[in-house]
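Let me begin by presenting the structure, written as structure tokens, before commenting on it.
The values are calculated or read from the model by the stated rules, or taken from the named source; none is laboratory data. All values derive from a computational prediction rather than experimental measurement. Counting neighbours? That spans all protein chains shown, and the Cβs are built from the backbone with ideal geometry, glycine included. Please note that ligands, DNA and RNA were not included when accessible areas were found on the heavy atoms of the full protein model with its side chains. Shrake-Rupley method; radii C 1.70, N 1.55, O 1.52, S 1.80 Å.
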Amino acid sequence: MPADFPPWDRVYAFFRRWRDHVLVREFHDRLRGRVREKAGRDAEPTAGVIDSQSVKADAVVGADSRGFDGGKLINGRKRHVVVDTLGLLLGVMVTAADIGDRAAAKVLLEQVADAHHRLELVWADGGYTGSLVEHCLAALALVLAIVRRSDDMRGFVVLPKRWIVERLFAHLMRSRRLARDFERRTTSAEAMVYWSMTMVMTRRLARSRPARV
């Protein structure tokens with residue numbers, strides 16, 4: 001802990017209390033509304049982007065919440081996120097890395113749609129095709145638009161809308177606590193993602209303030 005902080009166990013007691021009472025997310029969501037309004041947008045979004053990121057897990061992560069992602073060859077956990085078109089976090093769910101994107105997205109999109117009633121459109125990659133598209137339209141009144149990579153594309157190509165969520169993943173990986181998953185509980189891992197994005201938004205608001213004279 002930084003030298004000007006209380007002992008680590010007292011700091012963690014506050015974090016645990018805020019995590020269990022969902023206050024970490026509430027702090028984050030209130031700040032996100034301010035950032036959107038500062039950018040000239042409505043506080044509530046109408047469109048978003050969904051994707052997932054597999055990260056290695058530390059030794060403290062138990063076998064009950066870790067798995068092996070065969071596509072990325074990563075033993076650990078997977079962060080499933082939905083962001084708005086500004087790249088701000090709308091929802092996150094942490095699972096074992098072997099959980100499929102469509103299975104996790106079904107749960108996460110229900111949570112996000114319930115919290116953001118104006119959400120109408122979500123862009124996704126080819127991993128979210130199939131029955132999930134019909135489920136979102138029928139059960140959530142949500143259009144899941146698949147942004148596909150063309151077969152003739154070679155190497156790295158920036159795909160429409162997809163880069164927005166990739167930028168969020170880049171922010172997370174610059175956070176030392178999130179470079180891999182160090183949390184015993186998935187709820188703690190999710191809270192750490194919200195804290196990281198809270199810091200990103202705090203810096204964004206600070207840069208937008210007029211300079212003092």
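Below is a table of values for the structure above.
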{"quantity": "Selection count, the range 1-17, where residues are touching a Phe, Trp or Tyr at 6+ places or on another chain (Cβ under 8 Å) and assigned to a helix (DSSP H, G or I)", "calculated": "1"}
{"quantity": "Test for A145: is it among the hydrophobic types (A, V, I, L, M, F, W, C), open to solvent by 20 Å² or more (accessible area, probe 1.4 Å), more than 21 Å from R79 (Cβ to Cβ) and assigned to a strand (DSSP E or B)", "calculated": "yes"}
{"quantity": "Residue list for the range 22-63, filter: open to solvent by 70 Å² or more (accessible area, probe 1.4 Å) and in contact (Cβ under 8 Å) with a residue 12 or more places away in the chain", "calculated": "F27, R34, K38, R41, D42, K56"}
{"quantity": "Qualifying residue in the range 188-195 (condition: part of a helix (DSSP H, G or I), at pLDDT 95 or above, hydroxyl-bearing (S, T, Y) and within 19 Å of R32 (Cα to Cα))", "calculated": "yes"}
{"quantity": "Pairs, first aliphatic (A, V, I, L, M) in the range 166-183, second open to solvent by 90 Å² or more (accessible area, probe 1.4 Å) and modelled with pLDDT of 90 or more, C-beta under 9 Å, six or more apart", "calculated": "A179/K56"}
{"quantity": "Test: residue in the range 97-115 that is at pLDDT 95 or above and assigned to a strand (DSSP E or B)", "calculated": "no"}
